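The values are calculated or read from the model by the stated rules, or taken from the named source; none is laboratory data. What you are looking at is a predicted structure, and each value in this text was computed from that prediction instead of being measured. For neighbour counting, all protein chains shown are included, and Cβ atoms are generated from backbone atoms with ideal geometry for every residue, glycine included.
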């Protein structure tokens, strides 16, 4: 095993979380109450299209432009009051920083690691949440910067390129087996699966932790053993 120079963090479920996010069912119910026949599946499909296809291509700086694009995909024109209420709802339930996130990123910087967030989520959605740690991050990589969503290996390749590290010099921490572990490992990036609620199968991965503090201890110990 080589020496790690960069620590990559997933966002949702790793560094930040939505305490009570707005669901497609919630939005659909509201739209029906306003006279717009948009099912939850339709809304979810349009949301996914904008998140994974439109945002990487065009980027959106706030909820208004983002939601307008969602409704364009639905071929639905909502009135201003309806749109403003949806914006209010989404803003009322923002991403929050996980309790162990700030300490983990600080520990990474104190130990000389380059640091990055890797996510498909639009930056405006979590910008305020990561404000306390932003200065300690070398890079925030979203679909807009990468030009693709996180399931595309090119997002990870772009991160490595910008951080100027080789795949074997980086390690990814995340809570999703496919995107945070299996995909980076296919590129030669080691990965740690974070399971805060002890619900995943730790036998499927090389490194398995229950907290970001444990993840950082694992990485630091690995470097000490490799040096």
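Here are the numbers for the structure shown:
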{"read-out": "Out of 125, 131, sole residue that is within 30 Å of residue 58 (Cα to Cα), out of contact with any helix residue (DSSP H, G or I) (no Cβ under 6 Å at 6 or more places or on another chain) and surrounded by fewer than 22 Cβ atoms within 10 Å (Cβ to Cβ)", "value": "131"}
{"read-out": "Of residues in the stretch 143-155 being in contact (Cβ under 8 Å) with a residue 60 or more places away in the chain and crowded, with 21+ Cβ neighbours inside 10 Å, the one nearest to the chain's Cα centre (by Cα)", "value": "143"}
{"read-out": "Residue list for the stretch 27-44, restricted to those being part of a helix (DSSP H, G or I) and loosely packed, with under 14 Cβ neighbours inside 10 Å", "value": "29, 32, 33, 41"}
{"read-out": "Residue match in the stretch 47-55 (condition: at pLDDT 95 or above, within 17 Å of the chain's Cα centre (by Cα), surrounded by 17 or more Cβ atoms within 10 Å (Cβ to Cβ) and more than 22 Å from residue 156 (Cβ to Cβ))", "value": "yes"}
{"read-out": "Odd one out for residue 19 among (1) loosely packed, with under 14 Cβ neighbours inside 10 Å; (2) closer than 22 Å to residue 83 by Cα; (3) in contact with a strand residue (DSSP E or B) (Cβ under 7 Å, 6 or more places away or on another chain)", "value": "(2)"}
{"read-out": "Hits in the stretch 60-86 (condition: under 22 Å from residue 129 (Cβ atoms) and either surrounded by fewer than 16 Cβ atoms within 10 Å (Cβ to Cβ) or at pLDDT below 95 (or both))", "value": "61, 62, 64, 65"}
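Yes/no matrix, rows are residues, columns are (1) in the same structural domain as residue 175 (by TED's automatic domain parsing); (2) farther than 30 Å from residue 161 by Cβ:
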{"site": "14", "(1), (2)": "yes, no"}
{"site": "48", "(1), (2)": "no, no"}
{"site": "62", "(1), (2)": "no, no"}
{"site": "75", "(1), (2)": "no, yes"}
{"site": "101", "(1), (2)": "yes, no"}
{"site": "104", "(1), (2)": "yes, no"}
